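All remarks here apply to the structure that follows.
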Amino acid sequence: MGRVKIQMRKIVDRQQRNIAFAKRKSGLLKKAYELFILCDVQMVLIFFSPSGKLFMFDTKTRYCFLVKTLFKSHL
């Protein structure tokens with residue numbers, strides 16, 4: 001059996017939305033890390049959870065400092 005294609009629309013149920021965010025967040029961070037390692041690129045990945053918490057992935061600590069100063073109110 002193959003996977004079922006999901007319809008791309010906002011998940012109405014808050015609990016299901018948080019579960020989907022947690023699963024997709026880890027996949028997105030893994031892909032960003034793989035791209036960094038394989039292609040030797042510098043990147044910053046910034047996103048917010050449904051509850052407003054800041055998440056970031058950066059390849060250099062100077063980017064982390066920049067992001068933290070820009071988004072002080074969300075930390």
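Before moving on, here are some points about what is shown:
- If the condition is being basic (Lys, Arg) and within 22 Å of residue 47 (Cα to Cα), then the range 1-27 contributes 9, 10, 14, 17, 23, 24, 25.
- Only one of the listed residues (24, 3) is at pLDDT 80 or above, open to solvent by 100 Å² or more (accessible area, probe 1.4 Å), outside any loop (DSSP other than H, G, I, E, B) and not aliphatic (A, V, I, L, M). That residue is 24.
- Candidate set from the range 6-21 (those that are of a type outside the set (A, V, I, L, M) and assigned to a helix (DSSP H, G or I)); member that is least open to solvent (accessible area, probe 1.4 Å): 21
- Count of the range 48-71 residues which are in a loop (DSSP other than H, G, I, E, B), open to solvent by less than 60 Å² (accessible area, probe 1.4 Å) and at pLDDT below 80: 2
- Of the residues making up the range 6-25, those that are within 15 Å of residue 53 (Cβ to Cβ) and of a type in the set (S, T, N, Q) number 1.
- Any chance residue 40 is open to solvent by 90 Å² or more (accessible area, probe 1.4 Å), without any contact (Cβ under 8 Å) to a residue 24 or more places away in the chain and over 17 Å from the mean Cα position of the chain (by Cα): yes
The values are calculated or read from the model by the stated rules, or taken from the named source; none is laboratory data. These numbers were taken from a predicted model, which means no experiment stands behind them. As a convention, Cβ positions derive from the backbone with ideal geometry for all residues, glycine included, and neighbour counts pool all protein chains shown. To get the accessible areas, we keep the full protein, side chains included, count just its heavy atoms, and leave off ligands, DNA and RNA. Shrake-Rupley method; radii C 1.70, N 1.55, O 1.52, S 1.80 Å.
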